[in-house]
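Reading through the structure tokens given below for one structure.
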Amino acid sequence: MRWGTMTTKAKATVVVVVAAAIWVGGVGSAGALVGVVVSSTSASVPSVTAAARPLLHSAAPTPSGVSTDSAVPTPSQTVTASPTPTPEIVVTMVSERTPVPFARTTVEDSTVPKGESHVTTAGVDGAKTTFYRVTTVDGVETKRQQVREELNRAPVAEVTTIGTYVAPAPAAQEPSVPQGHALITPGAFCADAENGVVAQAANGRSYTCGGHGPDANGHLHWNTM
């Protein structure tokens with residue numbers, strides 16, 4: 001397309017593009033751009049404008065010390081805080097079965113010899129169930145409160161018998177009277193050979209020869225035992 005054949009609107013567009021090229025790239029760039037516009041016979045004005053656009057961008061100098069990345073504004077980022085988790089609180093009923101220890105007691109028995117003892121009733125533990133209200137926070141137990149207690153089995157007390165019987169001492173036995181000895185007279189003399197011999201008198205009582213030892217003259221008598 002020749003300059004003379006351009007419309008007024010096309011000429012105005014070319015003038016604007018050339019002016020921009022001069023401001024950005026200098027006179028040389030503007031001359032090259034005019035040559036392209038004048039010699040082109042088939043390109044339209046929008047095509048010329050499109051061809052000049054990369055020249056404008058490539059010829060634009062970057063100011064010293066200025067980063068091209070910082071020249072482009074970066075959209076601000078919005079930081080959203082994480083929501084605080086709500087603790088999980090759970091209340092449950094828990095039961096525990098535990099033994100009840102049996103008691104121990106003793107009884108005395110006068111028929112059992114003293115010093116002896118034995119278990120007459122064996123002790124047996126009982127059992128009870130305790131119910132608790134348990135509170136947990138995120139699975140961790142934080143509180144335990146006793147609600148009630150049930151006795152499942154009563155304990156049986158252990159009974160031990162202790163003997164108290166003491167056997168009486170055996171009675172003293174009187175010396176036996178020799179068979180065939182004649183009745184004696186209490187207090188009468190007796191022979192030295194009969195010293196210690198026990199004999200009976202007519203009154204039915206027993207006497208010992210020399211029971212009190214010899215008298216002043218050295219004689220023995222039938223004395224009471």
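The values are calculated or read from the model by the stated rules, or taken from the named source; none is laboratory data. Just so you know, these numbers come straight off a predicted model, no measurement behind them. Don't worry about glycine lacking a Cβ; one is built from the backbone with ideal geometry, like all the others, and counts go over all protein chains shown.
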*Being of a type in the set (A, V, I, L, M, F, W, C) and at pLDDT 60 or above is the filter here, so list the residues in the range 68-91 that pass it.*
VAL79, ALA81, ILE89, VAL90, VAL91
*Could you tell me which numbered condition GLU150 fails, if it satisfies all but one of (1) within 22 Å of the chain's Cα centre (by Cα); (2) within 17 Å of VAL94 (Cα to Cα)?*
(1)
*Name the pairs whose Cβ atoms lie under 8 Å apart, with the first residue in the range 196-225 and over 12 Å from ILE184 (Cα atoms), the second among the β-branched types (Val, Ile, Thr) and modelled with pLDDT under 85, and 6 or more positions between them or separate chains?*
GLY211/THR224
*Could you say whether any residue in the range 118-126 is in contact with a Lys or Arg (Cβ under 7 Å, 6 or more places away or on another chain) and closer than 30 Å to SER95 by Cβ?*
yes
